[in-house]
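First the structure, in the form of structure tokens, and then the observations on it.
The values are calculated or read from the model by the stated rules, or taken from the named source; none is laboratory data. Computed from a prediction, not measured in an experiment: that's the story for all the values here. Backbone-built Cβ (ideal geometry, glycine too); neighbour counts: all protein chains shown.
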Amino acid sequence: MSFGFLITLLTIATLFTSYYLTGDSIRETNGLILLLAGYIFAKNTYFWNCLNKKLVLLALSFAVLFVLIILSYQKVFNLPHFILSASYNIQRVVGVFFVLALAHRFLNFNTYYLKQLNVWVFPFYLLHQSILIILCFLLLPLSLGPVAEPFIIITGTWSFCGVITWGITRIDVLRPLLGVAIKRDYSPTVKMLGYTAALILITPLAYKLIT
């Protein structure tokens with residue numbers, strides 16, 4: 001399978017989900033598609049070599065699509081809906097590949113700091129959407145414009161995610177709240193109490209999800 005064909009296939013899949021699904025179903029289905037693609041290509045040497053070779057092209061494509069979408073949303077010019085929708089979905093797929101290409105080129109080694117950052121990935125995933133929505137809600141009435149508002153939202157989301165993650169992960173018993181393993185080796189009794197408390201906390205959410 002060629003690299004361009006893979007991007008086209010994933011873009012078509014995201015377009016279909018955007019057109020035929022609504023609400024959270026779009027995000028959940030797209031996440032499942034990318035999860036399956038990750039399992040298929042994670043250890044594929046050809047895939048990673050292509051990412052490495054196409055880094056500049058991915059960077060330029062992502063930047064052009066990003067500027068196009070931002071200017072369109074800010075009403076600098078009006079694009080037909082189907083062009084905007086296609087550009088947005090292509091940018092989503094290209095963005096994922098661009099980040100993977102950057103990681104493969106510049107983060108393909110083991111250090112203490114990289115290991116710590118890897119631990120922080122899941123907490124950032126859990127926190128970022130809630131923080132982003134709160135910041136958007138607070139900044140929207142201020143009408144800060146197409147440059148200041150996105151800049152504050154992006155930097156603020158990263159900063160708050162970092163501070164909250166750093167604070168919680170320094171308290172061992174709170175680490176599981178963000179999906180991070182505890183550091184100390186507790187007794188079997190304490191572990192059982194922890195598992196029981198976690199089960200009680202997640203049961204209402206699990207019941208809601210299955211019903």
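The single residue among Leu32, Leu6, Leu114, Leu57 that is in the same structural domain as Ile154 (by TED's automatic domain parsing) and either in contact (Cβ under 8 Å) with a residue 40 or more places away in the chain or in a helix (DSSP H, G or I) (or both) turns out to be Leu114.
Note on the range 72-97: residues that are surrounded by fewer than 13 Cβ atoms within 10 Å (Cβ to Cβ) and assigned to a helix (DSSP H, G or I) amount to 3. Taking the range 170-191 as the range and being touching a residue at least 12 places away in the same chain (Cβ under 8 Å) and assigned to a helix (DSSP H, G or I) as the test, the residues that pass are Asp172, Val173, Pro176, Leu178.
Given the criterion assigned to a helix (DSSP H, G or I), surrounded by 12 or more Cβ atoms within 10 Å (Cβ to Cβ), at pLDDT 85 or above and out of contact with any Leu (no Cβ under 8 Å at 6 or more places or on another chain), identify the matching residue among Gly156, Gly167, Gly162, Gly194. Give the derivation first.
Working: Gly156 fails: out of contact with any Leu (no Cβ under 8 Å at 6 or more places or on another chain); Gly167 fails: surrounded by 12 or more Cβ atoms within 10 Å (Cβ to Cβ); Gly194 fails: at pLDDT 85 or above.
The conditions single out Gly162.
Can you give me the number of residues within the range 74-120 that are touching a Pro at 6+ places or on another chain (Cβ under 6 Å) and β-branched (Val, Ile, Thr)? Within the range 74-120, residues that are touching a Pro at 6+ places or on another chain (Cβ under 6 Å) and β-branched (Val, Ile, Thr) number 0. Consider the range 144-175 and keep the residues that are charged (D, E, K, R) and within 22 Å of the chain's Cα centre (by Cα). The one that is nearest to Ile69 (Cα to Cα) is Glu149.
Leu100 - would you say it is surrounded by fewer than 11 Cβ atoms within 10 Å (Cβ to Cβ), in a helix (DSSP H, G or I), under 17 Å from the mean Cα position of the chain (by Cα) and without any contact (Cβ under 8 Å) to a residue 60 or more places away in the chain? So Leu100 does not fit the description; no. A single member of Phe98, Phe137 is modelled with pLDDT of 90 or more and more than 27 Å from Ser61 (Cβ to Cβ), and it is Phe137. When we screen Leu178, Leu135 for residues that are outside the structural domain of Arg27 (by TED's automatic domain parsing) and closer than 30 Å to Val67 by Cβ, the only hit is Leu135.
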